[in-house]
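The values are calculated or read from the model by the stated rules, or taken from the named source; none is laboratory data. Worth saying up front: this structure is predicted, and the values here are computed from it rather than measured. Backbone-built Cβ (ideal geometry, glycine too); neighbour counts: all protein chains shown.
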Amino acid sequence: MRYNRYGKKSKNKKVLLLNPRQNMIIANGKNITPDVVFCQYNPQTRKYDIKFKTGKTYAYGYNNVTWMREPKVLNPSDLRIVHDTKELFGITEIFVFGDGDNKYWHVCFKNGSERDYEESTLKIISSCFNTPASKDVFNYLKQTADLVSLRAEDGTRLLSKQYEKIDFVGEDKAFSAYVNPNTTI
């Protein structure tokens, strides 16, 4: 007999893993979520019974397991994420789990892969366009550029063309002080 992600017995031979977009389980300081099929606290033993995709079930002491649910969902277009000096590309979804002191990021990519990161290993850069006021200032600058822009021989507005290519400017860039004067660089 197999168990589904809700702990119910299932005749389905396919093993369903715990949904990593809604759950993250840290046991003894290690993220074990990708290998977990089922997790439940057992009040009689005061331990977590964790069943792995190998079919084995282990009991973990209550203080050795952190089970985080209901992550904060972030918009990938509002962030740039760097891990080990490499920027992460093709991000489709971001789920942030927290247990108070520590935060963990579950990141989904266009190619279908999903990865987990401790927030302390990431450099997170927010867009300076994350407020309506900063978006308005940027749109004003784009419109102004359209009106006063130099033109190429074919009539293309050169400055406007450059503005159209901009979809992200990090809060750590000097330009962010122009669109959002309340930020510090």
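Observations on the structure shown:
- Considering (1) without any contact (Cβ under 8 Å) to a residue 24 or more places away in the chain; (2) touching a helix residue (DSSP H, G or I) at 6+ places or on another chain (Cβ under 8 Å); (3) not assigned by TED's automatic domain parsing to the domain that holds N23, the lone condition that T54 does not fulfil carries the number (3).
- Among the residues making up the range 90-138, those that are hydrophobic (A, V, I, L, M, F, W, C) and over 14 Å from P71 (Cα atoms) are I91, F109, L122, I124, I125, C128, F129, A133, V137, F138.
- Members of the range 57-108 found to be more than 21 Å from Q22 (Cβ to Cβ), in contact with a helix residue (DSSP H, G or I) (Cβ under 8 Å, 6 or more places away or on another chain) and not in a strand (DSSP E or B), listed by number: D84
- Residue count, the range 143-155 (criterion: over 20 Å from V179 (Cβ atoms) and modelled with pLDDT under 85): 4
- Top-ranked residue in the range 128-165 [being in a loop (DSSP other than H, G, I, E, B) and without any contact (Cβ under 8 Å) to a residue 24 or more places away in the chain; ranked as surrounded by the most Cβ atoms within 10 Å (Cβ to Cβ)]: S149
- Test: residue in the range 90-97 that is modelled with pLDDT of 85 or more, within 14 Å of the chain's Cα centre (by Cα), surrounded by fewer than 15 Cβ atoms within 10 Å (Cβ to Cβ) and under 28 Å from G29 (Cβ atoms): yes
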